[in-house]
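The values are calculated or read from the model by the stated rules, or taken from the named source; none is laboratory data. Since we're looking at a predicted model, the values are computed, not measured. Cβ: placed from backbone, ideal geometry, glycine included. Neighbour counts: every protein chain shown.
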Amino acid sequence: MSSQNDRVRELLAEAWTSWAERGAGLGAEEWDRPTRLPGWTVRALYAHVAPVPEMFTGLRGAVVDGPAEVATGAGILRAYNRPGGLAHTAAGQIAEAATQSAGETGPAVLIARFGVEGPAALAGLADLSPAATVAHPLLGSVTVGALGEVALMEATVHLLDLIAAVGGPPPAEEALRFTRALLAEVADPVAFIEAATGRGAEAVLPVIR
């Protein structure tokens with residue numbers, strides 16, 4: 001498990017580097033181009049996904065003793081996307097925050113967050129075990145590894161949104177495989193298998209909003 005989570009960190013850093021490289025090649029019109037997410041421009045997408053170093057460095061102060069209430073990325077996603085969960089109740093606030101941040105943050109700053117600040121903050125946590133438990137404002141407590149899994153999924157899914165808006169090469173194959181497996185894990189296993197094999201009529205997708 002530890003080696004798998006170490007690889008997640010590596011893939012996350014690689015995904016952020018890809019965001020930075022793509023951003024460096026965008027023109028002014030492309031930064032303001034609409035994406036397939038209603039109301040979101042490319043700049044808002046960058047502002048939403050961009051790592052904020054303070055969030056990562058704050059993990060050390062949030063470490064608590066005992067097992068985590070949520071130990072996997074799939075568990076976090078299930079909690080967020082259950083009926084009445086954050087993905088439903090706060091969707092408008094999240095979009096508004098991304099738009100506001102985009103208006104206050106220039107492309108150069110966003111690129112630096114992906115290419116320099118985020119990876120440096122992540123590297124600074126290399127000694128913090130993926131199994132470490134940290135306090136979470138909504139879920140009680142989660143593991144560091146679970147947070148990394150969700151971060152990699154978000155960076156990959158939204159990279160597909162970016163590509164749909166401005167083009168460019170696909171995400172790394174390993175990141176795509178990881179994200180596919182994580183999203184499949186969110187679904188009820190029997191319902192997912194029944195739907196994937198054409199045996200069930202229950203609606204399974206989407207598994208996250």
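Tell me, please, whether a residue that is modelled with pLDDT of 95 or more and more than 16 Å from Ala102 (Cβ to Cβ) can be found in the range 48-61.
no
Identify, by number, the condition in (1) part of a helix (DSSP H, G or I); (2) of a type outside the set (Ser, Thr, Tyr); (3) over 24 Å from Leu162 (Cβ atoms) that Ala15 doesn't meet.
Looking at each condition in turn, Ala15 falls short on (3).
Could you tell me which residue of the range 131-147 is surrounded by the fewest Cβ atoms within 10 Å (Cβ to Cβ), considering only residues that are closer than 16 Å to Arg9 by Cβ and either hydrophobic (A, V, I, L, M, F, W, C) or at pLDDT below 95 (or both)?
Step one: list which residues in the range 131-147 are closer than 16 Å to Arg9 by Cβ, which gives 131-132, 134, 142-147.
Imposing the further condition that a residue be either hydrophobic (A, V, I, L, M, F, W, C) or at pLDDT below 95 (or both) reduces the set to 131-132, 134, 142, 144, 146-147.
Working: Ala131: 15, Ala132: 18, Val134: 19, Val142: 25, Val144: 22, Ala146: 26, Leu147: 20.
Within the range 131-147, the match that is surrounded by the fewest Cβ atoms within 10 Å (Cβ to Cβ) is Ala131.
How about the range 9-50: which of its residues are within 15 Å of the chain's Cα centre (by Cα) and over 19 Å from Ala91 (Cα atoms)?
Of the residues in the range 9-50, the ones within 15 Å of the chain's Cα centre (by Cα) are 9-19, 44-50.
Of everything in the range 9-50, those that are within 15 Å of the chain's Cα centre (by Cα) and over 19 Å from Ala91 (Cα atoms) turn out to be Arg9, Glu10, Leu11, Leu12, Ala13, Glu14, Ala15, Trp16, Thr17, Ser18, Trp19.
Of a type in the set (A, V, I, L, M, F, W, C), at pLDDT 95 or above and more than 18 Å from the chain's Cα centre (by Cα): does that describe Ala74? Before the answer, list the steps.
On the way: of a type in the set (A, V, I, L, M, F, W, C): yes; at pLDDT 95 or above: yes; more than 18 Å from the chain's Cα centre (by Cα): no.
Judged against the criteria, Ala74 is not a match.
Can you tell me which residue is nearest to the chain's Cα centre (by Cα) among those in the range 187-204 that are surrounded by 10 or more Cβ atoms within 10 Å (Cβ to Cβ) and modelled with pLDDT under 90?
The extreme case among them is Val204.
For the range 64-83, give me each residue that is of a type outside the set (S, T, N, Q) and touching a Lys or Arg at 6+ places or on another chain (Cβ under 7 Å). Before you say what the answer is, go through the steps one by one.
The initial filter retains those residues of the range 64-83 that are of a type outside the set (S, T, N, Q), namely 64-71, 73-80, 82-83.
Correct list: empty.
Within the range 59-122, considering only helices (runs of 4 or more DSSP H) that don't extend past its boundaries, which have at least 2 residues that are surrounded by 13 or more Cβ atoms within 10 Å (Cβ to Cβ), touching a residue at least 40 places away in the same chain (Cβ under 8 Å) and out of contact with any helix residue (DSSP H, G or I) (no Cβ under 9 Å at 6 or more places or on another chain)?
Values: elements: 59-62, 73-81, 86-89, 91-104, 107-112.
Where helices (runs of 4 or more DSSP H) fall fully within the range 59-122 and carry at least 2 residues being surrounded by 13 or more Cβ atoms within 10 Å (Cβ to Cβ), touching a residue at least 40 places away in the same chain (Cβ under 8 Å) and out of contact with any helix residue (DSSP H, G or I) (no Cβ under 9 Å at 6 or more places or on another chain), they are 59-62.
Scan the range 34-41 and tell me whether some residue there is farther than 23 Å from Phe178 by Cα and either part of a helix (DSSP H, G or I) or without any contact (Cβ under 8 Å) to a residue 12 or more places away in the chain (or both).
yes
Given the condition closer than 11 Å to Ala71 by Cα and either modelled with pLDDT under 95 or surrounded by 15 or more Cβ atoms within 10 Å (Cβ to Cβ) (or both), answer yes or no: does some residue in the range 164-179 qualify?
As a first pass, look at the range 164-179 and keep what is closer than 11 Å to Ala71 by Cα: none.
Scanning the range 164-179 turns up no residue that is closer than 11 Å to Ala71 by Cα and either modelled with pLDDT under 95 or surrounded by 15 or more Cβ atoms within 10 Å (Cβ to Cβ) (or both).
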